[in-house]
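For reference, the structure is listed below as structure tokens.
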Amino acid sequence: CGMEVTCEEVYECGANGWRYQRNYAGSDNSVSQWPVLALQEAKSRWDINVNPKVITELDGWLLYSQNDNGGFGYTDPSGWVNFAKTGAGLAMLYYCGYDETNTRVQNALSFLDSNWDVPGSDDGNLGNYYAMYAFFKGMKYLGLDTLGGRDWHKLYTQYIVNDQEAGDYWTDEGGWYDTTFCTSTALAILAPAIAGLPPVADAGGPYPEVNPGQDVIF
């Protein structure tokens, strides 16, 4: 990974990301970001790596699916290019070994900067928790605290706190996602890490044999 790959150098650029099932006829950036998230966390947390060909072909898919304007398309470079899939593209480029100095990363950042204020329905940012979490992942992985001079995490935090419903949940502005998904992603964005491991209780010990009803001091 880390090399520039053209579509001619990999197996069929339209089919080397992920989609709905194994050996699907094509790929899309909405689905591909999720297995890449799992692979990246496995790599960073437990040093679990994949066959390098997986990354090479993903790199080819990303090269193919990035529009000339820097944004990422859905199943091709020109269709449904928006904030959500471009944020996802950032996270996937990171997994392929690129950092903020890379031209493809810079082009994606420029697209996101230009589209920051697009309303958060299908294609926008604030209010589209799917898009916000995709952007959050990419920026966190790349270690970028600002975009176009904005403290994006502060702006996201302020927006999320103000947008919470009276019943302590969040809703999607465009109506695409249910409250469970929106609430989960809102809380994930507020968290300090992309995918934090849960706390593990340590009760100390060892302790003597305990009978039913007997008090034990931990």
Selection within region 87-126 - under 27 Å from Val54 (Cα atoms) and of a type in the set (Asp, Glu):
Asp99, Glu100
Among the residues listed as Ala191, Ala134, Ala195, the single one being among the small types (Gly, Ala, Ser), in contact with a Leu (Cβ under 9 Å, 6 or more places away or on another chain) and open to solvent by 10 Å² or more (accessible area, probe 1.4 Å):
Ala195
For Asp47, work out the one condition from (1) farther than 21 Å from Gln21 by Cα; (2) touching a residue at least 12 places away in the same chain (Cβ under 8 Å); (3) out of contact with any Cys (no Cβ under 9 Å at 6 or more places or on another chain) it doesn't fulfil.
(2)
Do we have any residue at all in region 64-80 that's under 18 Å from Tyr129 (Cα atoms), hydrophobic (A, V, I, L, M, F, W, C), in contact with a Gly (Cβ under 9 Å, 6 or more places away or on another chain) and surrounded by fewer than 24 Cβ atoms within 10 Å (Cβ to Cβ)?
yes
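Please report, ordered by residue number, the helices (runs of 4 or more DSSP H) entirely within region 9-118 with at least 1 residues that are of a type in the set (D, E, K, R) and either over 24 Å from His153 (Cα atoms) or at pLDDT below 95 (or both).
Numbers: elements: 29-46, 52-65, 83-95, 103-114.
Result: 29-46, 52-65.
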Which ones in region 139-194 are among the acidic types (Asp, Glu) and over 27 Å from Val105 (Cα atoms)?
Asp163, Glu165, Asp168, Asp172, Glu173, Asp178
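The values are calculated or read from the model by the stated rules, or taken from the named source; none is laboratory data. What you are looking at is a predicted structure, and each value in this text was computed from that prediction instead of being measured. We place every Cβ from the backbone using ideal geometry, glycine too, and count neighbours over all the protein chains shown. Quick note on the areas: whole protein, heavy atoms, side chains included, nothing else; ligands and nucleic acids left out. Shrake-Rupley method; radii C 1.70, N 1.55, O 1.52, S 1.80 Å.
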